Amino acid sequence: MKVLVINAGSSSLKYQLLDMDTERLLAKGLAERIGIEGSVVTHEPVGKDKVKFERPMETHKEALDIIMRALVNEQYGVIKSLNEIDAVGHRTVHGAESFASSVVINDEVIEKMEECSVLAPLHNPANLIGIRACQEVLPNVPMVGVFDTAFHQTMPKEAYIYPLPYELYEKYRIRKYGFHGTSHRYVSLRAAELLNQDLNQLKLISCHLGNGASIAAIRYGKSIDTSMGLTPLAGLAMGTRCGDIDPEIMIFLRQHGYTTEELDHIMNKESGILGISGISSDFRDVEQAADTGNKRAQLALDVFHYRVRTTIGAYVAAMDGVDGIIFTAGLGENSASTRSAICSGLTYLGIKLNAEKNSKRGEEMVISTADSATNVMVIPTNEELMIARDTVELVQGK
Ligand code: ADP
């Protein structure tokens, strides 16, 4: 069974085609600058050279038309006909309380997703555009929605209710939802396999550290708390996002003349390690600057590590213990210095890192020593595979 996985943003569309009989990737690619000058599709067929198509694309549908032609092209295609695509799995961001697991997309689901758009105005409408474009290009092919928030719907009320007037939850559904759920779910499943233990008996803390970063407490296979909130702005310090701050700061700045739009921009685009370091939102640049003695770059990293470490501590408390800590996503998978800085403050968990294993990049492995009281693992995430697996399960079960 071949599954096309789609991740649609407002002006971009990422795709992967997987052969799910073997869970093998056949091709992946990215359409960028859709509806903007300079639109381009980069198509990477596995085992063949990558190709770029630079041509105007006004809509996601036009981008998908180019992608479909690339997939069946004699030279750089990977399938003979579009009929070989059995199903499409869509990454969908906000499912609010409507979706606690993945779903086959139908009119009712689309309607509910539209309702959820108020909670994710940047993401859900873009996901819906991607779904509609796919429906036009691949009519009659079953489609599945895999929500970033779904995995966290198992959180208990004490974890997701904000200490605000309860009516705000009842009226506007203001609560913690959490994101990166597909990634946290995937790495927790892999962790149990790597440790050769039953997921239903493990207490895991998953650290998804990329440009966007979040941590999840996963007890016996279920998310019981996570650091992002109503929106992906909450929790850790991130590349450009501020994470948790005193909410009164925004009222204070309003009184100093900042507009709501400016404050939104500051918190989402000008804060985090970019804001503190003044250098970059890319951890590689900031690590390099810190290595050459830049104090603000070092401070940005210190703040980041501190927040990760204290959040891990909170989740040890939430689960009354921890068996394994997982590092994943761009920074978690690749930065040995980040992992060691975070773990150096976790001696109370009896953690000992194997320096040689920790120095490896992007390889799935246990990086703690055999006598470490808590396992520490690097597990490269694979949200697309998780989406494709859910898609197969739901489509075959129909
Ligand atoms: P997102 O999907 O949220 O955009 P990624 O998971 O791709 O983010 O992670 C991007 C981040 O990972 C960037 O800040 C980048 O600097 C960091 N990163 C990637 N490779 C390395 C590395 N070798 N060392 C340090 N940071 C890295």
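The values are calculated or read from the model by the stated rules, or taken from the named source; none is laboratory data. This structure is a prediction, so every number in the text was calculated from the model and none was measured. Because the Cβ atoms are built from the backbone with ideal geometry, glycine has one as well, and the counts that use them run over all protein chains shown. We work out accessible area using only protein heavy atoms, side chains counted, and drop any ligands, DNA or RNA first. Shrake-Rupley method; radii C 1.70, N 1.55, O 1.52, S 1.80 Å.
For the reader, a short list of remarks on this structure follows.
- Extension reserve of the residue 396-residue 21 stretch, reckoned as 0.36 nm per residue once the Cα distance is removed: 133.7 nm
- Scattering profile of segment 2-147 at q = 0.14, 0.16, 0.19 Å⁻¹ [log10 I(q)/I(0), Debye over alpha-carbon scatterers]: -0.64, -0.82, -1.12
- Vicinal HN-Hα couplings computed from phi for segment 37-50 (Karplus, 6.51 cos²θ - 1.76 cosθ + 1.60; Hz; Gly/Pro x): 3, x, 5, 8, 10, 10, 10, 10, x, 5, x, 10, 5, 7
- Debye intensity ratio in log₁₀ form over the Cα atoms of segment 132-173, taken at each q of 0.23 Å⁻¹: -0.84
- Remark: segment 230-280 is approximated by an ellipsoid whose semi-axes, taken from the C-alpha gyration tensor as √(5λ), come to 18, 13, 9 Å, largest first.
- For the chain, the equivalent ellipsoid derived from the alpha-carbon gyration tensor has semi-axes of 33, 26, 23 Å in decreasing order.
- Of 28, 176, 295, the residue with the largest accessible area leads and the full order is 295, 28, 176 (1.4 Å probe).
- Once the Cβ-Cβ distance of residue 371 and residue 302 is raised to the sixth power relative to R0 = 25 Å, the FRET efficiency obtained is 0.30.
- Degrees between helix 295-319 axis and first principal axis of the chain (Cα, 0 to 90, nearest 10): 90
- In the calculated pair-distance distribution of segment 329-387, the portion above 19 angstrom amounts to 28 percent of the Cα-Cα pairs.
- Segment 246-398 - percent relative contact order, Cα under 8 Å, separation 6 or more: 15
- Computed over the alpha-carbon pairs of segment 167-283, the distance histogram in 5 Å steps reads 2, 11, 17, 17, 17, 14, 10, 7, 4, 1, 1, 0 percent, short to long.
- Segments 240-252, 342-354 sorted - mean Cβ within 10 Å per residue, highest first: 342-354, 240-252
- Debye intensity ratio in log₁₀ form over the Cα atoms of segment 22-76, taken at each q of 0.15, 0.16, 0.26, 0.30 Å⁻¹: -0.41, -0.46, -1.00, -1.20
- The chain, relative contact order in percent, only Cα pairs under 8 angstrom and at least six apart counted: 14
- Counting DSSP beta bridges with both ends in the chain, the antiparallel % (nearest 5): 70
- Each principal axis of the Cα cloud of segment 243-385 was evaluated for its coordinate range; sorted largest first, these ranges are 56, 38, 35 Å.
- Here the simple spin-label model places points 7 Å from the Cα toward Cβ, and for residue 201 and residue 10 these points are separated by 4.9 nm.
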